[in-house]
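What follows is a set of notes on a single structure, which appears directly below.
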Amino acid sequence: RRIQGYDALLADKGIDAVYIPLPTKLHKEWVLKAAAAGKHVLVEKPVGVDANEVQEMITACRTNGVAFMDGTMLVHHKRSKQIDRLFADTTWQPKRVTSAFTFAAPIDFLAGGNIRTNGMDPLGCLGDVGWYCIRFGLSAFGDKPAYVRARVWEATDGGVPTD
């Protein structure tokens, strides 16, 4: 069946959980509404604009007794499990992880024709695909790296990272 609009979706007693694939700037608003409506939440990455926003969402879900998950499948993939096994090998220890995730974007994408570059996802490419690089680094160091550095080479006029 079809339901018209997010508010109607949250009001529907026959729905237990919602997936929130909206732009990052809208995540907090809709996660808080979903939690208040008693719906379990699966939210797309990046979960929030900053750590405080994410903590607010986690708190709202806990307060309302609903589950809160990010929609990133990478950590559940069998290749990720294999990578974790390799890093768990105590016969060697990584000292540094350098990673990059790149793709060729059409000019309209870079000119603000996409949520990742038009300000709706203020973390830009770092929040969208940089997460994979970050997750790999966390796996290498048991989720506790001693030092982390990221560099933005290029950004839109509004400051959204594009490289």
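What do you reckon, is Arg135 open to solvent by 80 Å² or more (accessible area, probe 1.4 Å), among the charged types (D, E, K, R) and within 21 Å of Leu42 (Cβ to Cβ)? In short, no. Scanning segment 9-24 for residues that are open to solvent by 40 Å² or more (accessible area, probe 1.4 Å) and either of a type in the set (Val, Ile, Thr) or under 15 Å from Gly38 (Cβ atoms) (or both) returns Leu9, Ala11, Lys13, Gly14, Asp16, Ala17.
Mind checking whether some residue in segment 80-95 is under 30 Å from Ala8 (Cβ atoms) and surrounded by 12 or more Cβ atoms within 10 Å (Cβ to Cβ)? No - not one qualifying residue is present in segment 80-95.
Residues that are open to solvent by less than 40 Å² (accessible area, probe 1.4 Å), modelled with pLDDT of 80 or more and at negative phi are absent from segment 141-159.
The values are calculated or read from the model by the stated rules, or taken from the named source; none is laboratory data. Nothing here was measured: the structure is a model prediction, and the numbers come from that model. Ideal geometry is used to build each Cβ from the backbone, glycine not excepted, and the neighbour counts take in all protein chains shown. To get the accessible areas, we keep the full protein, side chains included, count just its heavy atoms, and leave off ligands, DNA and RNA. Shrake-Rupley method; radii C 1.70, N 1.55, O 1.52, S 1.80 Å.
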